[in-house]
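The values are calculated or read from the model by the stated rules, or taken from the named source; none is laboratory data. Please read these numbers as outputs of a predicted model, since none were measured by experiment. Cβ: placed from backbone, ideal geometry, glycine included. Neighbour counts: every protein chain shown. Just the protein is used for accessible areas: all its heavy atoms, side chains included, with ligands, DNA and RNA removed. Shrake-Rupley method; radii C 1.70, N 1.55, O 1.52, S 1.80 Å.
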Amino acid sequence: MPAVSRNIGIREFQSFISQVYGLPNDRHFELAEMHGNIQRFAMRGLKGIRKGDPDRIKKNMVISFSWFISTMNRLHIDIEDEVWTRFPHLCSYCGSCPCRCKSQRVAERQQVVIDATRRPASLAEYQSMFAQIYPASGRTLEHAGVHLSEEVGELTEAILAYRGERTSEDFDNLMLEAADYFSCVMGVFNSMTVDFAHELATFYPENCHACHRAPCVCSYVIIKKYKS
């Protein structure tokens with residue numbers, strides 16, 4: 001039975017989403033619709049930030065992230081590799097941990113050296129890594145939410161650019177923006193001091209969170225009208 005544990009790895013969660021939602025997604029959704037659901041639920045999560053409703057934030061961000069992973073599956077992107085390459089326990093821009101972009105006004109992207117021995121083994125460890133790179137004490141939850149909204153927009157632009165021209169350069173940029181979206185989801189949960197892996201395990205105790213089947217057998221009408 002496909003299940004999500006507290007110690008799940010990113011690849012394991014990507015495989016879980018493939019087993020549970022790969023078939024219905026292939027039958028029901030185009031890539032643009034899948035990405036639309038990343039946006040849809042991320043914006044609902046941001047509304048939760050505005051209203052001070054942590055349960056709304058957590059639930060909608062889990063769903064947005066799940067659609068994001070479905071999108072990565074559709075595009076055959078190993079998002080764990082992309083995240084680690086982009087953030088090898090270092091800020092992707094200044095190359096430091098913790099990030100010193102603001103304090104030292106770093107003007108251009110720095111070269112980073114990847115130390116493979118520091119690669120996290122689980123999703124929870126990746127969240128901890130991002131907490132070290134971008135300490136939550138340095139920004140508010142609202143700031144983390146604004147940053148997430150920026151990255152959702154940039155991911156949208158990257159997907160549209162790739163689908164328009166289909167160049168390898170556009171695909172490479174899409175993978176970079178996907179890693180940035182991932183980092184911002186971690187930023188929101190770090191600002192809330194909430195264990196993201198625990199929220200995933202709670203939301204997916206058995207296969208699909210709604211029908212509890214794998215593959216999911218929820219009707220398209222149920223999916224389309226899903227309220228969070």
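Annotations for the structure displayed:
- Enumeration of residues in the stretch 53-102 that are basic (Lys, Arg) and either in a loop (DSSP other than H, G, I, E, B) or farther than 21 Å from GLU154 by Cβ (or both): ARG56, LYS58, LYS59, ARG100
- Test: residue in the stretch 157-176 that is on the phi > 0 side of the Ramachandran plot, basic (Lys, Arg) and part of a loop (DSSP other than H, G, I, E, B): yes
- Condition met for SER137 (assigned to a helix (DSSP H, G or I), among the polar types (S, T, N, Q) and either open to solvent by 70 Å² or more (accessible area, probe 1.4 Å) or closer than 25 Å to MET43 by Cβ (or both)): yes
- Scanning the stretch 166-182 for residues that are touching a Lys or Arg at 6+ places or on another chain (Cβ under 8 Å) and open to solvent by less than 20 Å² (accessible area, probe 1.4 Å), we see that the one that is nearest to PRO2 (Cα to Cα) is ALA179.
- Among the residues here, PRO120 does not qualify as outside any helix (DSSP H, G or I), under 28 Å from VAL4 (Cβ atoms), modelled with pLDDT of 95 or more and in contact with a Lys or Arg (Cβ under 9 Å, 6 or more places away or on another chain).
- Checked against the criteria, VAL185 counts as crowded, with 17+ Cβ neighbours inside 10 Å, assigned to a helix (DSSP H, G or I) and not aromatic (Phe, Trp, Tyr).
- Hey, ILE63 under 19 Å from MET175 (Cα atoms) and either of a type in the set (Val, Ile, Thr) or in contact with a strand residue (DSSP E or B) (Cβ under 7 Å, 6 or more places away or on another chain) (or both) or not: no
- For the stretch 4-18, the count of residues that are crowded, with 22+ Cβ neighbours inside 10 Å and outside any helix (DSSP H, G or I) is nonzero.
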